[in-house]
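Here is the structure we will look at.
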Amino acid sequence: MQSFLTGVTSYLKGLQLIARHRLWLYFWIPVLLSLVLGVVVLQAAWGVSDDLGGWLISFYPFEWGKTTFEKIATVTGGVSLVAFTLLIFRYIIMAIAAPFMSLLSERLEQKMYPDLPKTSFSLPRMLSDLVRGVRIALRNIVREVVITLFLLILGIILPIISPLVPIMIILVQAYYAGFGNFDYTLERRMGVRESVRFVKDNRTLAIGNGIVFVVLLMTVVGFLFALPLGTAAGAVVTLEKLEGSSEN
């Protein structure tokens, strides 16, 4: 529980560090990118929203229990739309803004731990980081989609757990959102396997970071600031965890 709360409260510390060290360039660029992408994704989601519930209902061939199934399909359709809209938006914006978020994480590391050796730019390293980032993103999006679909189907098959499905989906999204926020820092220090192991070992910390990120995405204005704030918060807790471990 303490790790979860640390992940949540680290957003304030991340914002304070951005303000103290005047790293606003790395803050406002992803905000503008989020605004443009958000408009595009929301328009696309609005276009399919009316058809999703009807599409699910079409799979039920019986008259018996049809009213109940329609209600479940309507709720499931709404949950599905929100879940996959957030998922698509999150992965696209994280990919587009990745260079700026990596730089934000690196600048925060330099300010928090000025005695650590600075990472110099090199083309091979940039290409290596790009390949590594694609591997992480593909791994995570496949797992997240599979788990989300499983939960949605489970909610249809077992209506008694339907009210719990949105909560479980949010927790799944929070875990992988936290993973993405942590990875902007982990990419400079670990390979794919080591990063996966680190996040698994600190899953409650990742969920704490990711839950704020997901909640911000679901608010009218918060989605604009979710990425830079999530990255800063992720950098803070990841660096504190890594540097704390190295000192022990």
Could you tell me whether segment 140-156 includes any residue that is among the hydrophobic types (A, V, I, L, M, F, W, C), under 25 Å from residue 105 (Cβ atoms) and assigned to a helix (DSSP H, G or I)? yes
Select, from 122, 128, 58, the only residue that is at pLDDT below 80 and under 23 Å from the mean Cα position of the chain (by Cα). 128
Output the residue which, of all residues in segment 158-175 that are in contact (Cβ under 8 Å) with a residue 60 or more places away in the chain and either open to solvent by less than 50 Å² (accessible area, probe 1.4 Å) or among the basic types (Lys, Arg) (or both), is nearest to residue 109 (Cα to Cα). 173
Write out, first by first residue and then by second, each pair whose Cβ atoms fall under 6 Å of each other, whose residues are 6+ apart or on separate chains, and whose first residue, in segment 219-239, is open to solvent by less than 30 Å² (accessible area, probe 1.4 Å) while the second is modelled with pLDDT under 85 and in a loop (DSSP other than H, G, I, E, B). 227/97
Take the conditions surrounded by 11 or more Cβ atoms within 10 Å (Cβ to Cβ), modelled with pLDDT under 80 and of a type in the set (A, V, I, L, M, F, W, C) and apply them to residue 136. Does it pass? no
Within segment 178-248, considering only helices (runs of 4 or more DSSP H) that don't extend past its boundaries, which have at least 1 residues that are basic (Lys, Arg) and either at pLDDT 95 or above or under 16 Å from the mean Cα position of the chain (by Cα) (or both)? 192-201, 203-217
The one condition in (1) part of a helix (DSSP H, G or I); (2) modelled with pLDDT under 80; (3) within 30 Å of residue 23 (Cβ to Cβ) that residue 81 fails to fulfil: (3)
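The values are calculated or read from the model by the stated rules, or taken from the named source; none is laboratory data. These numbers come from a predicted model, not from an experiment. Reconstructed Cβ throughout: ideal geometry from the backbone, glycine too, with neighbour counts over all protein chains shown. Surface accessibility is based on the protein's heavy atoms, side chains included, excluding ligands, DNA and RNA. Shrake-Rupley method; radii C 1.70, N 1.55, O 1.52, S 1.80 Å.
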